[in-house]
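Q: Sharing a structure with you now.
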Amino acid sequence: MTEVSSIYLSGLKNAHAMENQALSIMKPQVSRIENYPQVARRLEQHIAETEVQISRLDQLLDGAGADNSTLKDMALSFTGAMAALGHTVAPDEIVKNSFANYAFEHFEIAAYKSLLALANHMGDARAVDLLTQNLREEQDMAAWLDENIEPVTLQYAALREVGETAKR
Ligand code: MG
Ligand code: FE
């Protein structure tokens, strides 16, 4: 295995762990939302997209010769910069989660841009195609979050003003 393909393989494994982490961040959020149905719907859409992203990474990992025992351990291995995400106790958790999700999507965008640089370098057209699909979904989600920071913040403020107790 060349150095480039070994860097690429470890990048794929990290992306796989990252996507499992994405599910473990989004699923509890969606289950707690009560007053922001538009956020819940978009998160549900992105959870479904993320499940497909994981299957694309599985295909690429199979093709890159990763063995199954490695794959089973990856879900637990993503413990880096994103570990502190998730604000489930603060009254303004919907607002803080919008910051955390915005940061997470940009982490994912960077990870896929890095993997795409390697896939392009190796001339792997199938990997470029699948990774580009994942990248586009992260960019769409990041753009949606970007547009929704203001409305979600103002909706939170309006609920506070009417004394709504269930703010999340
Ligand atoms: Mg993702
Ligand atoms: Fe994402």
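Q: From the set of residues in the stretch 131-154 that are over 19 Å from Glu49 (Cα atoms) and surrounded by fewer than 16 Cβ atoms within 10 Å (Cβ to Cβ), which is farthest from ligand 2 (Cβ to nearest atom)?
A: Leu154
Q: Let me ask something else. Considering only the stretch 35-48, state which residues are at pLDDT 95 or above and more than 12 Å from ligand 2 (Cβ to nearest atom).
A: Tyr36, Pro37, Gln38, Val39, Ala40, Arg41, Glu44
Q: Is it the case that Glu49 is within 12 Å of the chain's Cα centre (by Cα) and open to solvent by less than 20 Å² (accessible area, probe 1.4 Å)?
A: When the stated conditions are applied, Glu49 does not pass them.
Q: Something else now. Which residue is surrounded by the fewest Cβ atoms within 10 Å (Cβ to Cβ), if the candidates are limited to the stretch 32-46 and must be more than 16 Å from ligand 1 (Cβ to nearest atom), without any contact (Cβ under 8 Å) to a residue 24 or more places away in the chain and over 16 Å from Lys96 (Cα atoms)?
A: Pro37
Q: Moving on to the next point. Which count do you get for residues in the stretch 150-168 that are under 25 Å from the mean Cα position of the chain (by Cα) and modelled with pLDDT under 90?
A: So the count comes out to 2.
Q: Scanning the stretch 87-136 for residues that are outside any helix (DSSP H, G or I) and at pLDDT 95 or above, which turns out nearest to the chain's Cα centre (by Cα)?
A: Asp124
So that you can scan it fast, the table gives a plain yes or no per residue for (1) within 16 Å of ligand 2 (Cβ to nearest atom); (2) closer than 25 Å to Arg160 by Cα:
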position: Val4; (1), (2): no, no
position: Tyr8; (1), (2): no, no
position: Glu19; (1), (2): yes, no
position: Ala22; (1), (2): yes, no
position: Ile33; (1), (2): no, yes
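Q: Under the condition of being within 11 Å of ligand 1 (Cβ to nearest atom) and either in contact with a Lys or Arg (Cβ under 8 Å, 6 or more places away or on another chain) or of a type outside the set (Asp, Glu) (or both), which residue from the stretch 102-130 is most open to solvent (accessible area, probe 1.4 Å)?
A: Among those that are within 11 Å of ligand 1 (Cβ to nearest atom) and either in contact with a Lys or Arg (Cβ under 8 Å, 6 or more places away or on another chain) or of a type outside the set (Asp, Glu) (or both), it is Phe107.
Q: Another question, if that's okay. Within the stretch 104-118, identify whether any single residue is among the aliphatic types (A, V, I, L, M), within 15 Å of ligand 2 (Cβ to nearest atom) and out of contact with any helix residue (DSSP H, G or I) (no Cβ under 6 Å at 6 or more places or on another chain), and answer yes or no.
A: Looking for residues that are among the aliphatic types (A, V, I, L, M), within 15 Å of ligand 2 (Cβ to nearest atom) and out of contact with any helix residue (DSSP H, G or I) (no Cβ under 6 Å at 6 or more places or on another chain), one finds at least one in the stretch 104-118, hence yes.
The values are calculated or read from the model by the stated rules, or taken from the named source; none is laboratory data. From a predicted model like this one, the values you see are computed outputs, not experimental measurements. Cβ atoms come from the backbone with ideal geometry, glycine included; neighbour counts cover every protein chain shown. What goes into the accessible areas is simple: the full protein's heavy atoms, side chains included, and nothing from ligands, DNA or RNA. Shrake-Rupley method; radii C 1.70, N 1.55, O 1.52, S 1.80 Å.
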